[in-house]
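Structure, as structure tokens:
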Amino acid sequence: MLLSEQQLEDFQKYGYTVVPSFYSAEEVESISAWLNGLRDSDGTENDVATYFETSPSSGETVLVRAEHLLGDHSPAITELMLKADAMQALTEVLGDEPLLFKEKANYKVPGCRSDMLHQDQAAGWSTYGDFFVTMMIAV
């Protein structure tokens, strides 16, 4: 078992668990470098959907969100983010094999608007399923 009994109990009791250092420093650096490459692009040279806004503090156009990150167009980052340990941990908390529904990266750039606390499921996801789990990787 990858997760501790305490982490599994926390998930059952609170609906979440925290797994510190789940990704190694090298893995986080790889994810960060890849995301920085998206941030520094104009959003047209790949199959990733990128969303830009004007920063209210600087007036610059900045990347605030990227979606459709994983798949055949990004095999290395897909393999890294969906590594076997991640899939095993999700299987342990779910009690079943996970299925990726959606993935995205939110860029929290200084001076940009904040998002209200929300669950994307409220946006009509119940059409597709009745239970979703979010796995967050803080980079």
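The values are calculated or read from the model by the stated rules, or taken from the named source; none is laboratory data. Worth saying up front: this structure is predicted, and the values here are computed from it rather than measured. Positions of Cβ are backbone-derived with ideal geometry, glycine not excepted, and every protein chain shown enters the neighbour counts. In case anyone asks, the SASA skips ligands and DNA or RNA and just uses the protein heavy atoms, side chains included. Shrake-Rupley method; radii C 1.70, N 1.55, O 1.52, S 1.80 Å.
Which condition does Trp34 not pass, out of (1) under 24 Å from Leu3 (Cα atoms); (2) of a type in the set (Phe, Trp, Tyr); (3) not in a loop (DSSP other than H, G, I, E, B), if it passes all the others?
(1)
Give the stretch 117-126 a look and list any residue that's assigned to a helix (DSSP H, G or I) and not aliphatic (A, V, I, L, M), or say none.
Matches in the stretch 117-126: Asp120, Gln121, Trp125, Ser126.
How many of the residues making up the stretch 9-32 are closer than 26 Å to Glu79 by Cβ and either of a type in the set (D, E, K, R) or surrounded by 11 or more Cβ atoms within 10 Å (Cβ to Cβ) (or both)?
The qualifying residues number 13.
Could you check Gln6 against (1) over 22 Å from Leu70 (Cα atoms); (2) touching a residue at least 60 places away in the same chain (Cβ under 8 Å); (3) assigned to a helix (DSSP H, G or I); (4) not charged (D, E, K, R) and say which number it fails?
Here Gln6 clears every test but (2).
Which of the residues that make up the stretch 99-139 are under 21 Å from Ala33 (Cβ atoms), over 15 Å from the mean Cα position of the chain (by Cα) and open to solvent by 50 Å² or more (accessible area, probe 1.4 Å)?
Of everything in the stretch 99-139, just one residue is under 21 Å from Ala33 (Cβ atoms), over 15 Å from the mean Cα position of the chain (by Cα) and open to solvent by 50 Å² or more (accessible area, probe 1.4 Å), namely Pro110.
Exactly one condition in (1) assigned to a strand (DSSP E or B); (2) touching an Asp or Glu at 6+ places or on another chain (Cβ under 9 Å) is false for Met1; which is it?
For Met1, the failing item is (1).
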